[in-house]
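First the structure, in the form of C-alpha coordinates, and then the observations on it.
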Amino acid sequence: MDRQQEYVLRTIEERDIRFVRLWFTDVLGALKSVAVAPAELEQAFVEGIGFDGSAIEGFTRVYEADMIVQPDAATFQVLPWRGDKPGTARMFCDIRMPDGRAAAADSRHVLRRALDSAGEDGFTFYTHPEIEFYLFKDPYEPGQPPVPLDHAGYFDHVARGDGHDFRRAAITLLEQMGISVEFSHHEGGPGQNEIDLRYADALSMADNIMTFRTVVREVALQHGAFASFMPKPLAEHPGSGMHTHLSLFEGDQNAFYEPTARYELSTVGRRFTAGVLRHAREICAVTNQWVNSYKRIWGGAEAPAHVCWGHNNRSALVRVPMYSIGKGHSRRVEIRSIDAACNPYLAFAVVLQAGLKGIREEYELPPEAEDDVWSLTPGERRAMGIAELPQSLGEAIAVMEDSELVAETLGESVFDFFLRNKRQEWADYRSQVTTFELDRYLVRL
(Lines give C-alpha, C1' and ligand atoms only; values in the text may rest on other atoms or scores of the structure.)
Protein backbone atom coordinates (compact mmCIF):
# COMPACT_ATOMS: atom_id res chain seq x y z
CA MET A 1 0.00 0.00 0.00
CA ASP A 2 1.43 3.39 -1.00
CA ARG A 3 1.64 6.51 1.17
CA GLN A 4 -1.36 8.18 -0.48
CA GLN A 5 -3.57 5.20 0.29
CA GLU A 6 -2.28 5.14 3.88
CA TYR A 7 -3.11 8.86 4.17
CA VAL A 8 -6.67 8.22 2.97
CA LEU A 9 -7.25 5.43 5.47
CA ARG A 10 -5.81 7.52 8.32
CA THR A 11 -7.90 10.57 7.38
CA ILE A 12 -11.08 8.50 7.20
CA GLU A 13 -10.49 7.29 10.75
CA GLU A 14 -9.47 10.69 12.15
CA ARG A 15 -12.39 12.57 10.58
CA ASP A 16 -15.04 9.95 11.26
CA ILE A 17 -15.81 9.34 7.58
CA ARG A 18 -18.57 6.73 7.42
CA PHE A 19 -19.27 6.72 3.67
CA VAL A 20 -16.81 6.80 0.78
CA ARG A 21 -18.30 7.41 -2.64
CA LEU A 22 -16.41 6.00 -5.59
CA TRP A 23 -16.99 8.20 -8.64
CA PHE A 24 -16.52 7.42 -12.30
CA THR A 25 -17.91 8.70 -15.58
CA ASP A 26 -19.77 6.96 -18.36
CA VAL A 27 -18.97 7.57 -22.02
CA LEU A 28 -21.47 10.44 -22.29
CA GLY A 29 -20.01 12.22 -19.27
CA ALA A 30 -22.64 11.33 -16.64
CA LEU A 31 -21.24 10.91 -13.15
CA LYS A 32 -21.72 7.48 -11.56
CA SER A 33 -21.25 6.63 -7.89
CA VAL A 34 -21.10 3.65 -5.56
CA ALA A 35 -20.69 3.97 -1.78
CA VAL A 36 -18.30 1.71 0.10
CA ALA A 37 -17.87 1.28 3.83
CA PRO A 38 -14.48 2.41 5.20
CA ALA A 39 -13.73 -1.15 6.35
CA GLU A 40 -13.81 -2.30 2.72
CA LEU A 41 -11.59 0.43 1.35
CA GLU A 42 -8.20 -1.18 1.93
CA GLN A 43 -9.26 -4.17 -0.12
CA ALA A 44 -10.77 -1.86 -2.75
CA PHE A 45 -7.37 -0.19 -3.22
CA VAL A 46 -5.80 -3.57 -3.92
CA GLU A 47 -8.49 -5.53 -5.72
CA GLY A 48 -11.15 -2.97 -6.68
CA ILE A 49 -14.88 -3.52 -6.45
CA GLY A 50 -16.82 -5.49 -9.04
CA PHE A 51 -19.89 -4.12 -10.83
CA ASP A 52 -22.08 -4.81 -13.85
CA GLY A 53 -20.48 -2.83 -16.67
CA SER A 54 -23.29 -3.69 -19.10
CA ALA A 55 -25.62 -1.42 -17.09
CA ILE A 56 -23.42 1.66 -17.72
CA GLU A 57 -23.70 3.70 -20.94
CA GLY A 58 -21.02 2.55 -23.37
CA PHE A 59 -19.04 0.31 -21.04
CA THR A 60 -19.43 -3.27 -22.18
CA ARG A 61 -21.79 -5.94 -23.51
CA VAL A 62 -23.98 -8.23 -21.40
CA TYR A 63 -21.88 -11.33 -22.04
CA GLU A 64 -18.71 -9.60 -20.76
CA ALA A 65 -20.36 -7.53 -18.04
CA ASP A 66 -17.95 -7.98 -15.12
CA MET A 67 -15.82 -4.89 -14.54
CA ILE A 68 -13.89 -3.46 -11.61
CA VAL A 69 -13.90 0.05 -10.18
CA GLN A 70 -10.57 0.90 -8.49
CA PRO A 71 -10.26 4.11 -6.43
CA ASP A 72 -7.49 6.61 -7.14
CA ALA A 73 -6.28 7.67 -3.69
CA ALA A 74 -4.78 10.89 -5.07
CA THR A 75 -8.31 12.20 -5.73
CA PHE A 76 -9.60 11.74 -2.16
CA GLN A 77 -11.68 14.66 -0.86
CA VAL A 78 -14.29 15.07 1.85
CA LEU A 79 -17.67 16.23 0.52
CA PRO A 80 -18.28 19.39 2.58
CA TRP A 81 -22.00 19.69 1.77
CA ARG A 82 -22.70 16.31 3.40
CA GLY A 83 -22.00 17.62 6.92
CA ASP A 84 -19.13 17.13 9.34
CA LYS A 85 -20.03 13.97 11.28
CA PRO A 86 -20.46 11.33 10.22
CA GLY A 87 -18.65 12.53 7.12
CA THR A 88 -18.76 11.51 3.47
CA ALA A 89 -15.79 11.50 1.09
CA ARG A 90 -15.23 10.71 -2.55
CA MET A 91 -12.53 9.36 -4.84
CA PHE A 92 -12.44 9.14 -8.61
CA CYS A 93 -11.85 5.67 -9.95
CA ASP A 94 -10.24 3.87 -12.82
CA ILE A 95 -12.24 1.14 -14.52
CA ARG A 96 -10.54 -2.21 -15.11
CA MET A 97 -11.36 -5.59 -16.52
CA PRO A 98 -11.21 -8.69 -14.27
CA ASP A 99 -7.72 -9.50 -15.55
CA GLY A 100 -6.44 -6.07 -14.46
CA ARG A 101 -6.35 -4.42 -17.88
CA ALA A 102 -7.61 -0.86 -18.17
CA ALA A 103 -11.16 -0.88 -19.54
CA ALA A 104 -11.21 0.53 -23.07
CA ALA A 105 -14.45 2.39 -22.30
CA ASP A 106 -13.05 4.25 -19.28
CA SER A 107 -13.05 7.98 -20.09
CA ARG A 108 -10.11 8.62 -17.74
CA HIS A 109 -8.16 5.92 -19.57
CA VAL A 110 -8.90 7.55 -22.94
CA LEU A 111 -7.51 10.87 -21.68
CA ARG A 112 -4.52 9.16 -20.04
CA ARG A 113 -3.62 7.58 -23.38
CA ALA A 114 -3.66 11.01 -25.03
CA LEU A 115 -1.56 12.49 -22.22
CA ASP A 116 0.92 9.62 -22.55
CA SER A 117 1.12 10.40 -26.26
CA ALA A 118 1.96 14.02 -25.44
CA GLY A 119 4.48 12.83 -22.87
CA GLU A 120 6.33 10.86 -25.53
CA ASP A 121 7.07 14.21 -27.18
CA GLY A 122 8.07 15.75 -23.85
CA PHE A 123 4.84 17.73 -23.32
CA THR A 124 2.50 18.17 -20.34
CA PHE A 125 -0.99 19.41 -21.18
CA TYR A 126 -2.65 22.10 -19.05
CA THR A 127 -6.17 23.46 -19.29
CA HIS A 128 -8.16 26.30 -17.71
CA PRO A 129 -11.94 26.28 -18.37
CA GLU A 130 -14.45 29.11 -18.08
CA ILE A 131 -17.62 27.24 -17.19
CA GLU A 132 -21.01 28.82 -17.90
CA PHE A 133 -24.37 27.63 -16.62
CA TYR A 134 -27.88 28.84 -15.86
CA LEU A 135 -29.71 28.99 -12.54
CA PHE A 136 -33.47 28.52 -12.76
CA LYS A 137 -36.19 28.65 -10.14
CA ASP A 138 -37.15 25.28 -8.73
CA PRO A 139 -39.29 23.37 -9.43
CA TYR A 140 -39.19 23.14 -13.20
CA GLU A 141 -42.59 22.50 -14.77
CA PRO A 142 -42.27 20.12 -17.75
CA GLY A 143 -43.64 21.70 -20.91
CA GLN A 144 -43.20 25.21 -19.56
CA PRO A 145 -40.21 27.52 -20.18
CA PRO A 146 -37.79 27.52 -17.24
CA VAL A 147 -37.84 30.65 -15.06
CA PRO A 148 -34.40 32.27 -14.56
CA LEU A 149 -33.33 32.93 -10.98
CA ASP A 150 -32.67 36.61 -11.79
CA HIS A 151 -32.75 39.09 -14.65
CA ALA A 152 -29.23 40.49 -14.34
CA GLY A 153 -26.77 40.79 -17.23
CA TYR A 154 -23.06 40.56 -17.98
CA PHE A 155 -20.91 41.52 -14.95
CA ASP A 156 -23.96 43.06 -13.24
CA HIS A 157 -23.61 43.70 -9.54
CA VAL A 158 -27.01 43.30 -7.91
CA ALA A 159 -27.41 44.25 -4.26
CA ARG A 160 -28.32 41.17 -2.26
CA GLY A 161 -28.47 39.29 -5.52
CA ASP A 162 -29.16 35.57 -5.46
CA GLY A 163 -26.28 35.06 -7.89
CA HIS A 164 -23.75 36.61 -5.49
CA ASP A 165 -24.81 34.36 -2.64
CA PHE A 166 -24.86 31.32 -4.87
CA ARG A 167 -21.38 31.92 -6.32
CA ARG A 168 -19.91 32.61 -2.88
CA ALA A 169 -21.34 29.36 -1.51
CA ALA A 170 -20.27 27.31 -4.53
CA ILE A 171 -16.73 28.70 -4.57
CA THR A 172 -16.36 28.08 -0.83
CA LEU A 173 -17.21 24.40 -1.31
CA LEU A 174 -14.97 24.07 -4.36
CA GLU A 175 -12.00 25.50 -2.49
CA GLN A 176 -12.70 23.25 0.49
CA MET A 177 -12.28 20.37 -1.96
CA GLY A 178 -8.96 21.69 -3.25
CA ILE A 179 -10.33 23.17 -6.49
CA SER A 180 -8.96 26.67 -7.04
CA VAL A 181 -11.19 29.33 -8.60
CA GLU A 182 -9.81 32.34 -10.52
CA PHE A 183 -12.90 34.40 -11.36
CA SER A 184 -16.66 34.35 -11.04
CA HIS A 185 -19.35 36.69 -12.35
CA HIS A 186 -22.83 36.98 -13.76
CA GLU A 187 -22.95 36.19 -17.48
CA GLY A 188 -25.03 37.74 -20.25
CA GLY A 189 -28.25 35.75 -19.89
CA PRO A 190 -30.79 36.06 -17.07
CA GLY A 191 -29.76 33.66 -14.33
CA GLN A 192 -26.55 32.82 -16.23
CA ASN A 193 -23.27 32.58 -14.31
CA GLU A 194 -19.64 31.83 -15.04
CA ILE A 195 -16.98 30.38 -12.75
CA ASP A 196 -13.40 29.99 -14.03
CA LEU A 197 -11.17 27.28 -12.60
CA ARG A 198 -7.45 27.83 -12.15
CA TYR A 199 -5.02 26.05 -14.51
CA ALA A 200 -4.29 22.38 -13.81
CA ASP A 201 -3.05 19.37 -15.73
CA ALA A 202 -5.77 18.03 -18.01
CA LEU A 203 -6.59 14.85 -16.05
CA SER A 204 -6.93 16.72 -12.75
CA MET A 205 -9.01 19.38 -14.51
CA ALA A 206 -11.38 16.83 -16.03
CA ASP A 207 -11.90 15.41 -12.52
CA ASN A 208 -12.39 18.96 -11.26
CA ILE A 209 -15.05 19.69 -13.90
CA MET A 210 -17.03 16.60 -12.89
CA THR A 211 -16.79 17.72 -9.25
CA PHE A 212 -17.69 21.29 -10.25
CA ARG A 213 -20.91 20.25 -11.95
CA THR A 214 -21.91 18.25 -8.86
CA VAL A 215 -21.10 21.09 -6.45
CA VAL A 216 -22.99 23.66 -8.53
CA ARG A 217 -26.08 21.47 -8.65
CA GLU A 218 -25.93 20.78 -4.90
CA VAL A 219 -25.54 24.46 -3.99
CA ALA A 220 -28.32 25.47 -6.39
CA LEU A 221 -30.73 23.11 -4.64
CA GLN A 222 -29.75 24.62 -1.28
CA HIS A 223 -30.73 28.04 -2.72
CA GLY A 224 -34.11 26.90 -3.96
CA ALA A 225 -32.97 26.71 -7.57
CA PHE A 226 -31.61 24.21 -10.04
CA ALA A 227 -28.54 24.53 -12.21
CA SER A 228 -28.38 23.51 -15.87
CA PHE A 229 -25.33 23.08 -18.09
CA MET A 230 -27.60 22.66 -21.13
CA PRO A 231 -25.83 24.44 -24.01
CA LYS A 232 -28.85 26.52 -25.11
CA PRO A 233 -31.76 26.46 -22.63
CA LEU A 234 -33.26 29.81 -23.68
CA ALA A 235 -33.74 30.55 -27.37
CA GLU A 236 -33.52 34.33 -27.01
CA HIS A 237 -30.47 34.43 -24.71
CA PRO A 238 -26.80 33.32 -24.93
CA GLY A 239 -25.89 29.66 -24.66
CA SER A 240 -23.54 28.19 -22.06
CA GLY A 241 -20.08 27.33 -23.27
CA MET A 242 -16.87 26.14 -21.67
CA HIS A 243 -14.21 28.30 -23.28
CA THR A 244 -11.01 26.44 -22.49
CA HIS A 245 -7.50 27.86 -22.37
CA LEU A 246 -4.81 25.37 -23.39
CA SER A 247 -1.04 25.18 -23.16
CA LEU A 248 1.75 22.64 -23.45
CA PHE A 249 4.74 22.69 -21.14
CA GLU A 250 8.17 21.12 -21.59
CA GLY A 251 9.28 20.72 -18.00
CA ASP A 252 8.95 24.18 -16.45
CA GLN A 253 8.93 25.96 -19.82
CA ASN A 254 5.78 26.97 -21.65
CA ALA A 255 6.16 25.44 -25.12
CA PHE A 256 3.69 27.99 -26.54
CA TYR A 257 5.85 30.98 -25.54
CA GLU A 258 8.38 32.62 -27.84
CA PRO A 259 9.12 36.26 -26.89
CA THR A 260 10.12 37.37 -30.41
CA ALA A 261 7.24 35.70 -32.26
CA ARG A 262 4.03 37.43 -33.29
CA TYR A 263 1.71 37.50 -30.27
CA GLU A 264 4.58 35.67 -28.53
CA LEU A 265 3.09 32.41 -29.85
CA SER A 266 5.82 29.88 -30.62
CA THR A 267 6.08 27.58 -33.61
CA VAL A 268 4.81 24.77 -31.38
CA GLY A 269 1.83 26.91 -30.37
CA ARG A 270 1.07 27.86 -33.96
CA ARG A 271 1.22 24.27 -35.18
CA PHE A 272 -0.92 23.09 -32.25
CA THR A 273 -3.52 25.73 -33.11
CA ALA A 274 -3.39 24.72 -36.78
CA GLY A 275 -4.06 21.11 -35.75
CA VAL A 276 -7.10 22.09 -33.69
CA LEU A 277 -8.45 24.13 -36.59
CA ARG A 278 -7.86 21.48 -39.26
CA HIS A 279 -9.60 18.78 -37.22
CA ALA A 280 -12.24 21.00 -35.57
CA ARG A 281 -15.11 19.60 -37.66
CA GLU A 282 -14.06 16.00 -36.92
CA ILE A 283 -13.94 16.44 -33.15
CA CYS A 284 -17.09 18.57 -32.92
CA ALA A 285 -19.39 15.64 -32.10
CA VAL A 286 -17.26 15.03 -28.99
CA THR A 287 -16.77 18.63 -27.85
CA ASN A 288 -20.43 19.40 -28.63
CA GLN A 289 -22.22 16.10 -28.21
CA TRP A 290 -25.92 17.01 -27.89
CA VAL A 291 -28.65 18.01 -30.33
CA ASN A 292 -28.99 21.21 -28.32
CA SER A 293 -25.26 22.00 -28.65
CA TYR A 294 -25.72 23.18 -32.23
CA LYS A 295 -28.40 25.68 -31.24
CA ARG A 296 -25.74 27.36 -29.11
CA ILE A 297 -23.11 27.22 -31.89
CA TRP A 298 -25.45 28.62 -34.53
CA GLY A 299 -27.37 30.92 -32.20
CA GLY A 300 -24.93 33.84 -32.40
CA ALA A 301 -23.98 35.68 -29.15
CA GLU A 302 -20.25 35.09 -29.69
CA ALA A 303 -20.63 31.32 -30.06
CA PRO A 304 -18.03 30.20 -32.62
CA ALA A 305 -19.56 28.64 -35.72
CA HIS A 306 -16.66 29.11 -38.14
CA VAL A 307 -13.23 27.49 -38.26
CA CYS A 308 -10.74 30.32 -37.86
CA TRP A 309 -8.48 31.93 -35.30
CA GLY A 310 -7.89 35.47 -34.11
CA HIS A 311 -5.90 37.46 -31.60
CA ASN A 312 -8.60 39.34 -29.76
CA ASN A 313 -11.51 38.13 -31.88
CA ARG A 314 -14.29 36.56 -29.86
CA SER A 315 -16.11 35.38 -32.98
CA ALA A 316 -13.20 33.05 -33.81
CA LEU A 317 -13.11 29.36 -32.93
CA VAL A 318 -9.60 29.69 -31.46
CA ARG A 319 -8.39 32.88 -29.84
CA VAL A 320 -4.92 33.99 -28.80
CA PRO A 321 -5.70 36.12 -25.73
CA MET A 322 -4.09 39.55 -25.67
CA TYR A 323 -3.92 39.99 -21.91
CA SER A 324 -1.13 37.45 -21.38
CA ILE A 325 1.42 39.29 -23.54
CA GLY A 326 4.77 39.48 -21.78
CA LYS A 327 3.94 36.68 -19.36
CA GLY A 328 5.79 33.65 -20.63
CA HIS A 329 4.17 31.07 -18.38
CA SER A 330 0.66 32.25 -19.27
CA ARG A 331 1.00 32.14 -23.08
CA ARG A 332 -1.91 30.02 -24.24
CA VAL A 333 -4.65 29.60 -26.80
CA GLU A 334 -8.37 29.49 -26.11
CA ILE A 335 -10.76 27.12 -27.84
CA ARG A 336 -14.28 28.55 -27.68
CA SER A 337 -16.43 25.79 -29.18
CA ILE A 338 -16.53 23.33 -26.25
CA ASP A 339 -19.73 23.44 -24.24
CA ALA A 340 -20.22 22.79 -20.55
CA ALA A 341 -22.22 19.59 -21.09
CA CYS A 342 -19.42 17.61 -22.75
CA ASN A 343 -17.55 14.63 -21.35
CA PRO A 344 -14.41 16.59 -20.34
CA TYR A 345 -12.11 13.57 -20.50
CA LEU A 346 -13.02 12.80 -24.10
CA ALA A 347 -13.14 16.46 -25.13
CA PHE A 348 -9.65 17.18 -23.78
CA ALA A 349 -8.34 13.98 -25.39
CA VAL A 350 -9.53 14.81 -28.92
CA VAL A 351 -8.43 18.46 -28.71
CA LEU A 352 -4.98 17.42 -27.49
CA GLN A 353 -4.50 14.81 -30.20
CA ALA A 354 -5.63 17.27 -32.88
CA GLY A 355 -3.05 19.76 -31.64
CA LEU A 356 -0.30 17.14 -31.39
CA LYS A 357 -0.99 16.06 -34.97
CA GLY A 358 -0.51 19.64 -36.04
CA ILE A 359 2.86 19.75 -34.26
CA ARG A 360 4.09 16.39 -35.53
CA GLU A 361 3.07 17.00 -39.14
CA GLU A 362 4.11 20.67 -39.05
CA TYR A 363 0.77 22.15 -40.05
CA GLU A 364 0.86 25.75 -41.21
CA LEU A 365 -1.40 28.16 -39.35
CA PRO A 366 -3.82 29.84 -41.79
CA PRO A 367 -4.14 33.65 -41.89
CA GLU A 368 -5.71 35.31 -38.90
CA ALA A 369 -9.37 36.39 -39.04
CA GLU A 370 -9.40 40.04 -38.03
CA ASP A 371 -13.09 40.76 -38.74
CA ASP A 372 -16.21 39.75 -36.87
CA VAL A 373 -16.70 36.46 -38.70
CA TRP A 374 -20.44 36.45 -38.01
CA SER A 375 -20.83 39.76 -39.89
CA LEU A 376 -19.21 38.43 -43.10
CA THR A 377 -21.30 37.00 -45.91
CA PRO A 378 -20.97 33.29 -46.75
CA GLY A 379 -19.17 34.30 -49.97
CA GLU A 380 -16.68 36.44 -48.05
CA ARG A 381 -15.97 33.59 -45.64
CA ARG A 382 -15.47 31.14 -48.50
CA ALA A 383 -13.07 33.56 -50.19
CA MET A 384 -11.07 33.70 -46.96
CA GLY A 385 -10.98 29.89 -46.72
CA ILE A 386 -13.07 29.84 -43.54
CA ALA A 387 -15.00 26.59 -43.13
CA GLU A 388 -18.07 26.08 -40.95
CA LEU A 389 -18.52 23.87 -37.96
CA PRO A 390 -21.29 21.27 -38.42
CA GLN A 391 -24.75 22.81 -38.30
CA SER A 392 -26.37 19.87 -36.51
CA LEU A 393 -25.51 16.78 -34.51
CA GLY A 394 -26.37 14.73 -37.59
CA GLU A 395 -23.75 16.53 -39.67
CA ALA A 396 -21.19 16.28 -36.84
CA ILE A 397 -21.72 12.52 -36.64
CA ALA A 398 -21.25 12.15 -40.39
CA VAL A 399 -17.94 14.01 -40.24
CA MET A 400 -16.72 12.10 -37.17
CA GLU A 401 -17.49 8.73 -38.79
CA ASP A 402 -14.65 9.24 -41.28
CA SER A 403 -12.12 10.60 -38.77
CA GLU A 404 -9.06 8.44 -38.18
CA LEU A 405 -7.91 10.88 -35.52
CA VAL A 406 -11.07 10.56 -33.41
CA ALA A 407 -11.21 6.78 -33.87
CA GLU A 408 -7.60 6.38 -32.72
CA THR A 409 -8.04 8.79 -29.81
CA LEU A 410 -11.23 7.25 -28.42
CA GLY A 411 -10.41 3.65 -29.21
CA GLU A 412 -12.66 1.25 -31.09
CA SER A 413 -15.21 0.52 -28.35
CA VAL A 414 -15.80 4.13 -27.30
CA PHE A 415 -15.80 5.34 -30.91
CA ASP A 416 -18.40 2.75 -31.96
CA PHE A 417 -20.65 3.25 -28.93
CA PHE A 418 -20.49 7.02 -29.18
CA LEU A 419 -21.55 6.96 -32.83
CA ARG A 420 -24.38 4.49 -32.18
CA ASN A 421 -25.69 6.53 -29.27
CA LYS A 422 -25.55 9.83 -31.14
CA ARG A 423 -27.18 8.40 -34.26
CA GLN A 424 -30.08 7.30 -32.05
CA GLU A 425 -30.28 10.72 -30.38
CA TRP A 426 -30.40 12.39 -33.78
CA ALA A 427 -33.08 9.97 -35.00
CA ASP A 428 -35.16 10.56 -31.88
CA TYR A 429 -34.86 14.31 -32.31
CA ARG A 430 -35.81 14.30 -36.00
CA SER A 431 -38.99 12.34 -35.26
CA GLN A 432 -40.34 14.99 -32.86
CA VAL A 433 -43.03 17.51 -33.79
CA THR A 434 -42.01 20.72 -32.04
CA THR A 435 -44.00 23.61 -30.64
CA PHE A 436 -42.41 25.77 -33.35
CA GLU A 437 -43.89 23.57 -36.07
CA LEU A 438 -47.33 23.43 -34.47
CA ASP A 439 -47.46 27.18 -33.96
CA ARG A 440 -46.34 27.92 -37.51
CA TYR A 441 -48.06 25.24 -39.57
CA LEU A 442 -51.00 23.59 -37.77
CA VAL A 443 -53.64 26.20 -38.65
CA ARG A 444 -52.05 27.63 -41.81
CA LEU A 445 -51.59 24.37 -43.67
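The values are calculated or read from the model by the stated rules, or taken from the named source; none is laboratory data. Bear in mind that the values here come from a model prediction, so they are computed numbers and not experimental data. Here the Cβ is made from the backbone with ideal geometry for all residues, glycine too, and neighbour counts use every protein chain on show.
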### Summary
Y429 vs (1) in a helix (DSSP H, G or I); (2) in the same structural domain as Y294 (by TED's automatic domain parsing): all pass except (2)
### Task
For region 431-445, name all the residues that are of a type in the set (F, W, Y) and loosely packed, with under 10 Cβ neighbours inside 10 Å.
F436
### Query
In this structure, does L197 turn out to be modelled with pLDDT of 95 or more and either more than 25 Å from I335 (Cβ to Cβ) or assigned by TED's automatic domain parsing to the domain that holds V268 (or both)?
yes
### Query
So P259 clears everything in (1) modelled with pLDDT under 95; (2) buried (at least 20 other Cβ atoms within 10 Å of the Cβ) except one condition, right? Which one?
(2)
### Task
Please specify each residue of region 165-193 satisfying the condition of being of a type in the set (D, E) and over 13 Å from H128 (Cα atoms).
D165, E175, E187
### Task
Using the structure shown, decide if V268 is part of a helix (DSSP H, G or I), assigned by TED's automatic domain parsing to the domain that holds F123 and out of contact with any Pro (no Cβ under 7 Å at 6 or more places or on another chain).
yes
### Task
Determine which member of the set H223, H185 is over 30 Å from L346 (Cβ atoms) and either surrounded by fewer than 19 Cβ atoms within 10 Å (Cβ to Cβ) or not hydrophobic (A, V, I, L, M, F, W, C) (or both).
H223
### Query
If you take just the helices (runs of 4 or more DSSP H) that sit entirely in region 301-401, which of them hold at least 2 residues that are touching a residue at least 24 places away in the same chain (Cβ under 8 Å)?
344-360, 393-401
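Matching residues to (1) in a loop (DSSP other than H, G, I, E, B); (2) in contact (Cβ under 8 Å) with a residue 24 or more places away in the chain; (3) surrounded by fewer than 22 Cβ atoms within 10 Å (Cβ to Cβ):
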residue: F133; (1), (2), (3): no, yes, no
residue: G163; (1), (2), (3): no, yes, no
residue: L173; (1), (2), (3): no, yes, yes
residue: P190; (1), (2), (3): yes, yes, yes
## Note on the structure
A careful count of residues in region 226-241 that are under 19 Å from the mean Cα position of the chain (by Cα) and in a strand (DSSP E or B) gives 3
## Note on the structure
Exactly one of T260, T244 is without any contact (Cβ under 8 Å) to a residue 24 or more places away in the chain and either in a helix (DSSP H, G or I) or out of contact with any Lys or Arg (no Cβ under 6 Å at 6 or more places or on another chain) (or both), and that residue is T260
### Query
Restricting attention to region 217-256, and to residues there that are out of contact with any Leu (no Cβ under 9 Å at 6 or more places or on another chain) and of a type in the set (A, V, I, L, M, F, W, C), which single residue is farthest from L31 (Cα to Cα)?
F249
### Task
Return only the number of the condition from (1) crowded, with 22+ Cβ neighbours inside 10 Å; (2) among the hydroxyl-bearing types (S, T, Y); (3) at pLDDT below 95 that S240 does not satisfy.
(3)
## Note on the structure
Given the conditions (1) outside any loop (DSSP other than H, G, I, E, B); (2) without any contact (Cβ under 8 Å) to a residue 60 or more places away in the chain, every one holds for N421 apart from (2)
### Among the candidates G275, G328, G300, residue that is within 30 Å of Q424 (Cα to Cα), surrounded by fewer than 20 Cβ atoms within 10 Å (Cβ to Cβ) and in the same structural domain as G189 (by TED's automatic domain parsing)
G300
### Query
Are any of the residues in region 174-191 hydroxyl-bearing (S, T, Y) and closer than 28 Å to E302 by Cα?
yes
### Query
Given the conditions (1) modelled with pLDDT of 95 or more; (2) at positive phi; (3) not basic (K, R), which single one is not true for L356?
(2)
### Query
Within the set of pairs 6+ apart or on separate chains, which have a first residue in region 13-35 that is closer than 14 Å to D84 by Cα and in the same structural domain as C342 (by TED's automatic domain parsing), a second that is part of a loop (DSSP other than H, G, I, E, B) and charged (D, E, K, R), and C-beta atoms under 7 Å apart?
none
